[in-house]
Amino acid sequence: MSLLEVENLRTYFFTPAGIVQAVDGVSFEVDAGESLGIVGESGAGKSVAVKSIMGLIRDPGRIVEGSVRFDGRELTELSEAELRREIRGNEISIVFQDAMSALNPVFTVGSQLEEVIVENTDRSPSAARERAIELLDDVGIPNPDRRIDEYPHQYSGGMQQRAMIAMALACDPRLIIADEPTTALDVTIQAGILELFDEIQETHDTSIVYVTHDLGVVREVCDRVSVMYLGRVVESAPYEELYRYPKHPYTQSLLNSVVTPDEILDEINPIGGTMPSAVSPPSGCRFRTRCPEAVEECVHVTPRARQVGDSHTAACLLYDESNSHEEPTLREITNQTND
Amino acid sequence: MGLLRYTIRRLLQLIPVLFGIVTLTFVMMHALPGDPVRLWLGTEPGQELADELIEAHGFDRPMHEQYVDYLVRLAQGDLGHSFVYNRPVVDLMWERMEPTLVVMGLSYLVALPVALGLGIYGAARHNRAGDHVSRFAGLAGISTPNFWLALMMIYMFSYNFGLLPATGYTSPFVDPVEAAVLLIMPVLTLATAQTALLMRMTRSSMIEEMREDYVETARAYGIPERKILLRHSFRNALLPLVTIVGLQVSTLLGGSVIVEEIFAIPGLGRLFFDSVIEQDYSVAVGVTLFFSTLFLIGVVLTDIAYAYIDPRIKYD
Amino acid sequence: MTDNLNQSHLDRRRFVKSMAAAGSVGLFAGCVGSDPEESEDGGVFVIATTDEVETFDPRQNQLAWYSSAAHYLFDSLLLQSPDGSEFEPHLAVDHPEEIDETTYVVEIRDDVEFHDDWGQLTAEDVEYSINWVLDPDNASPNQSNVAYIDEAEATGEFEVTLHLEYPSGLMDRSLAHMNAAPIVCKEAAEEMGDEEFGQNPVGSGPFKLENHDPSSSVELVANADYFLGEPILEGLEYRIIPEAEVGYVNLAQGDLHQSGVTEELLGEAEEDDDIDTYQLSNMDFQGFILNSLEGPFTDVRAREAVHHLIDYDEVLDAAAGSLAGRNWGHMPQETVDAWDFPADEWEENYYPEQDHDRAVELFEEAGVGTDFEVDLVMTAGEANEGRSLVLQNEFEEVGIDCDIREISTGDWLEALNQADYDITTYGWGGNDDPDGYYYHMFRDLQNDEGGMDDDVVGHSSIGYLYEGSRERGDDDVLEDLDRLDDLVREAQATVAQEERREYYVEAAEIVLSLYPVIGVYSAESVTGVHTNVQNYEPSEFGEQEAFNHWQEASIDE
Amino acid sequence: MSGEGVPANDAEFHDEGGVLETLTKLRHSPTSLAGLLIIFALVLMALFSAVDNFVFDRAIITWLHADPHAMDQSMRYDDPSWEHPMGTDRYGRDMLSRVIYGSRTALTIGIVAVGISFVGGVIIGAVSAFFGGYVDDFLMRSVEILYAIPGLVLAIIFMAIFGPSIYNLFIAYGIVGIPAYARVMRSEALSIRDRQYVEAAKLAGLPRRTILFREIVPNGIAPVVVQATLSMGGVIIGAAALSFLGFGVQPPTPDWGRMLSDGRTAMVVAWWVAVFPGIMIFITVMGFNMLGDGLRDVMDPKMTVEATPYDDWNIDEWKEKQRAATTESDLAPDTPTTRADGSGPQEGDRS
């Protein structure tokens, strides 16, 4: 049994403009100590998917279907209070993209760290402070005993992200979700943060779900990768496999757009056209409007995930020999992504 | 250290504005139609008498001379002499300062907690029934003319039910119980719109803050919703609120004219109103100047509070 | 109305207020109030008033209600009886004794002490008080009220001789009133100086100043050493409540003992078992002035036409409702009655029935036709608004455009000075003597000693008639006007009432026939007194009513 | 919901269309609609009374109900009845007619005074931001001076100087309002000043005035419009307060503030004289505030229009519908409805 199993997750936002199908039938798993990368353009539903895991979706959003099992517990059935007490912070924690805004500007870094520690453990406030200094030290912040009393705006961008990571580590969670943690940072600082994640994974044996739009970053930290497009997972494979043998046309174009593996692009827009609205996504295959390989069939058939290699699945009619319209069972999808 | 220097610097910045206010009010007052002497004397002053009075008060001198004279005396803390009361303006104002400040202070005291409570409640119940009710109440509050409210309250509570005295003032420092009874209606009159406005402000900035990323962070780290609301968001939402609270000084002072007139409270608002009607220049200018200064000090205090609440602001 | 002075000089506040709300605001004081907490004795009589006191020095005071209140703090030589019929000796032992036409001797009491150990009241204090008012340097608003006196002289420890400029029929009146000759403590006044004395008055009255909360209340406490004995009341308190209606609410609630009652509230007050109401004449004259200097009403026929336009009773109704009575001859009916003036005859001749056709005819005759616009100027206030609205309607009915301009009092005085109006609302408060109206409204200011500046015609009601007639070279009218001026001046300097009456009758004929003023009504005001106040009846004339020769109020809890 | 998947239609007002678009968005806000409705009704009333008054000399209202100026002393303070639904006033004039006529005064004051503030504020604010330096300093200090004097106090002084009249009321409240508008406009203009299209216009050598009024002002005006709607209520109340204090509209023009002031003298015997004009002021101000509130929500990108409340959604029912409609094999509803009400036209390109 995997540490985290997400099955057929659908998270919709009910806005006056219509229903935004941000996540629409996404499944993936993460084993203990494993790191999974979720890759996709902005708007693909990556963040929504990972926030759904922690029950962080607020009005007007709502998980309308699917299950999230963490260590065998069904998280979607937990109450807000249970999630808060038992899961968030101490079992699963999250590192957000923009540490500057993710940290409360009017409190010191220390007090925010301490609050998390006190809230999730039974440490006393003074013990929490010691722990907080220790954590800051762990994540590589110099003079932690002094800087703990500084405010977020007194930290540099990289330092802020490190502080954020310290917070994620505060209660030794078993899973850390990193939601584009390096996007806002300079390349050089990025490298440091990525190293830190590697280090954490090794020393704490923590599972990591790493959300990014940057395939280059994925290689640094991830064992496996799921590619998302417009609310759905289109391809899923171990990183090397995916990098060498991308199957889905979308993944292929993604990889083509990366000039060199190490170069970081601010915004990837590898394919012509823009992503359609998640309010009224295209019928059939959602990628068909931009897909170079699209055929008439793609309009009518929603492709299911198909085994295309070892632990490698892709949701594209290209790989559908039978071309059947059968509905894949949930178990099948899970198995396929699981191997 | 930094705070002190900052405060002093901010206070010094007020000087040109105050100077402008003095000039403006002085010019405006002297532009009032009619001749105060004649108004004071009634319909048929002997010319000699009128001339004497005019000379005694310097009304015959060119306006720029009177102005310079006024500035010089002002610099010495002398606001001039009341024409009607034959007393120093400073004395008159000093005697009437307490009621105005008490009523204003109390309406803040009433408005702030109620507004914060309702505003936070509204934000917490955003788009639910409770929020709609408090939102509507807020709108109604700022849409009610305060003078109308005052009249209706007198009609209801004093005349119809005989519950509260219609008028009068007792210093709460002298007789707190009687003062409380007397001040209920005036304070409510001033506080209603105030509460509504602050409540709306609290609600909207709380809602805004509740959408900030740090709220999601706090949630993601298992901080209870209550704490997020009252500690994290509130602390941030205070920033715009503090500004409004500072700016409201002005509205309250304006409102004091009406409230003091209706409830017969012996304060500066009434002194101002009477002095305008009687063209008691120096009193009207004095009170206007005092109101403006009070407002400007409120703004400076706001800035300081701002700097205190928001660590991102440095005193420079 | 206790505030009407001798010389019927219309004080500023009263003037301002009578223009603002003639007839409806209970201006004068009078109210007894019981403060339940400290009522072992006679209680504290609490009275509502609308204005803040500006100075406690009666020699400088211009405030109507305070000139009544001041009578509790200060005494006068004489005191007018509540029915107004006579002047009783008060500080004086007897009425002034006539030595010759311009010399009078007044004997004063030797048992009067000033408040707070300021010593005995002597002839020197009387001399000082009267001469102080007479001294132009002091700019006392009371000066004109005692202008007939040349000088007061202490001719003994308790004897004062008054040297008159000219004999005056108004002498008794002036010696009885606060706005003419209040007696202050010389030592205190000199020691303190004007400004301080204004805040710490030292008099000899039945009450003394205990406390003054500015804009809030004035508290007086009984003077145990008063020469008429100690008042039963423990004290008097004036509550300053700017809105008359709110004052009434307080009265109805039992929070105070006396308050003015507005016309609207009269019914309520009369039905209230706990309130006694007293309807008292304001002793004033209310109406309009027509601009006789320029504009459409320079011709007497045009002015007469306006008189045909209105229904007097309707104007009165709209202005003051039930709180007013018609008057004839530009003075209150009380005066007309007391002097037995031929009001019926005046009504017959100069107060025409409403007749729009006749009005139009007269406008035609005057050469203005109906194709003109009327600039009707008023100051704020229901009474002014009411009468203006009626007049406006009447003009529009005969096809004349009439715009109402509501302006501030300052603007209004300015408009009067500049003749910047066609018609304006007007009111004049006086007393029960015709002089209070005729001398002030109808004399020629140009003939005054000192006179006015040339550019000020004076806004006395018919100043422009004099001025206009001179400009137009209207000799017939001028002749009449000269006679009018003589008459009102003569009447003032005459003592014998019969003779004065003849002067006024002749003067009235002249004024009325020129139609410079539309005289409509005299206002009344109502004061409500709580029934738990005993032995207290407010009247038009009475002074010191809570404690004087005639009544001693007390509060029955 | 960090912007993920939500269409980026943030209100950025780069053209008139933006304003129109936001106006159409108001339809989702019931309070704004109610506000609009109130204002619409008032405007109708005001137009009617203006036309009736100036063209027909009050003939229509007299025919319909009663002449608002006709006095009848015998009907003084008559209780509300069928004949006089809102009673009569001190002069026996019909309150209902006067209340209807009063809408003209109230709206005119609101609109003209706000108009003055608006124009004055926009010009001062834009000029100040655009030129900066001494101009900015001078203008902003001047505005601060005006701002420091309490509005009502300033208005009282102004009215005392120029005398009570409706025109002076316009100007007084117009001036009192300028600082607020100037500040809003200035901060908007400051943020626009450095935008690319302004830079481009500068490079293109357009005259400064053109840049100011063609580029900067139109693009920064939206928040000022919101400010105007929101402050309309305040101005109407303020003007009524001035009338109440005796610095008001000239008689016999019906004006709610003045009527209220008259009502105060009759408070105890004729409540209707004070109550009805008060209610009208309340409703009017409420209307503007409701509209302004909605406008602000719509125009402020941070305050998205109230989302359809959760509770209104029956998710299960909706899902059933979707399933039934799906002809494809996948679980995903690939032809989602696009309307919040679940029944709108479908925009999926299924053709």
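Each value in this text was obtained by applying a stated rule to the coordinates, not by laboratory testing. From a predicted model like this one, the values you see are computed outputs, not experimental measurements. A quick note on method: Cβ atoms are made from the backbone with ideal geometry, for glycine too, and the neighbour counts reach across all protein chains shown.
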Worksheet entry | Residue mean of other protein chain beta carbons inside 10 Å, D:26-38 | 1
Worksheet item: By count of other Cβ within 10 Å, fewest leading, how are A:I57, D:I216 ordered?
Response: A:I57, D:I216
Practice prompt. May I ask for the distance between the Cα centers of region B:285-300 and region D:126-157, given as a whole number of Å?
Written response: 16
Discussion item. Can you tell me, using C-alpha contacts under 8 Å and at least 6 residues apart, the relative contact order of chain A as a whole percent?
Written reply: 20
Worksheet item: Given a Förster radius of 25 Å and the C-beta distance between B:R312 and A:E130 as r, what FRET efficiency does 1/(1 + (r/R0)^6) yield to the nearest 0.05?
Response: 0.35
Worksheet entry | Förster-model FRET efficiency, 25 Å R0, C:R501 and C:E101, C-beta, rounded to 0.05 | 0.80
Fill in: Set of region C:132-155 residues, backbone N closer than 14 Å to the point 7 Å along the Cα-Cβ line of C:V93
C:155
Response to the item:
Relative contact order of chain B (C-alpha contacts under 8 Å, at least 6 apart) in percent is 27
Item to complete: Just the number, please: percent antiparallel of the DSSP beta bridges in the protein assembly as shown, rounded to the nearest 5.
Response: 70
Worksheet entry | Shielding score for A:82-94, defined as the mean number of other chain Cβ atoms within 10 Å | 3
Worksheet item: Which whole-angstrom value gives the distance between the alpha carbon centres of region C:422-437 and region C:353-375?
Response: 26
Discussion item. I'd like to compare C:99-105, A:233-239, B:104-110: which one has the highest average count of other Cβ atoms within 10 Å, and what's the full order after that?
Written reply: A:233-239, B:104-110, C:99-105
Worksheet item: When the Cα centres of region D:250-266 and region C:484-526 are compared, how far apart do they sit, in Å?
Response: 37
Fill in: Ratio Rg/Rh [Cα only; Rh per Kirkwood] for the protein assembly as shown
1.10
Worksheet item: Tell me, what is the FRET efficiency for D:D79 and C:E396 to the nearest 0.05, using R0 = 30 angstrom and their Cβ-Cβ distance as r?
Response: 0.55
Worksheet item: Quick one: helix C:497-514 against the long Cα principal axis of chain C, what's the angle to the nearest 10°, folded into 0 to 90?
Response: 40
Worksheet item: According to the Kirkwood expression over distinct Cα-Cα pairs, how big is the hydrodynamic radius of region C:284-523, in Å?
Response: 17.9
Worksheet item: Fewest first, what order do A:T188, D:T229, C:T531, A:T313 take by the number of other Cβ atoms within 10 Å?
Response: A:T188, C:T531, D:T229, A:T313
Worksheet item: Highest mean first, what order results for B:148-158, D:28-38 on Cβ atoms within 10 Å?
Response: B:148-158, D:28-38
Fill in: chain B: Rg to Rh, with Rh as the Kirkwood radius over Cα pairs
1.06
Response to the item:
Rounded to one decimal in nm, the spacing of the 7 Å Cα→Cβ label points at C:D110 and C:R483 is 5.6
Worksheet, complete the sentence: Ordered by fewest other Cβ atoms within 10 Å, a rough proxy for footprinting exposure, A:C222, A:C291 read A:C291, A:C222
Response to the item:
At 10 °C and 1.306 mPa s, the Stokes-Einstein diffusion coefficient in µm²/s for chain C, with hydrodynamic radius from the Kirkwood sum on alpha carbon pairs, is 66
Item to complete: Return the ratio Rg/(2.2 N^0.38 Å) for region C:135-280, where Rg is computed over Cα atoms only.
Response: 1.35
Worksheet item: Mind checking the alpha-carbon convex hull of region C:82-187 and giving the volume per residue in Å³?
Response: 108
Worksheet item: So what is the relative contact order of region D:19-299, in percent, for Cα pairs below 8 Å that sit 6 or more residues apart?
Response: 25
Item to complete: In nm, give the distance between the simple-model label positions of D:V269 and D:L47, each being 7 Å from the Cα along the Cα-to-Cβ direction.
Response: 4.1
Response to the item:
Summing +1 per Lys or Arg and -1 per Asp or Glu among the other residues with Cβ less than 15 Å from D:P277's Cβ gives +2
Worksheet entry | Relative packing of B:289-298, C:170-179, which averages over residues the other C-beta atoms within 10 Å, highest first | C:170-179, B:289-298
Worksheet item: DSSP beta bridges in chain A, what fraction antiparallel, as a percent rounded to 5?
Response: 60
Worksheet entry | Inter-label distance, nm, simple model (7 Å from Cα along the C-beta direction), C:E190/B:F19 | 4.9
Worksheet item: Which number comes out as Rg/Rh for region C:222-296 once both Rg and the Kirkwood Rh are worked out on C-alpha atoms?
Response: 1.20
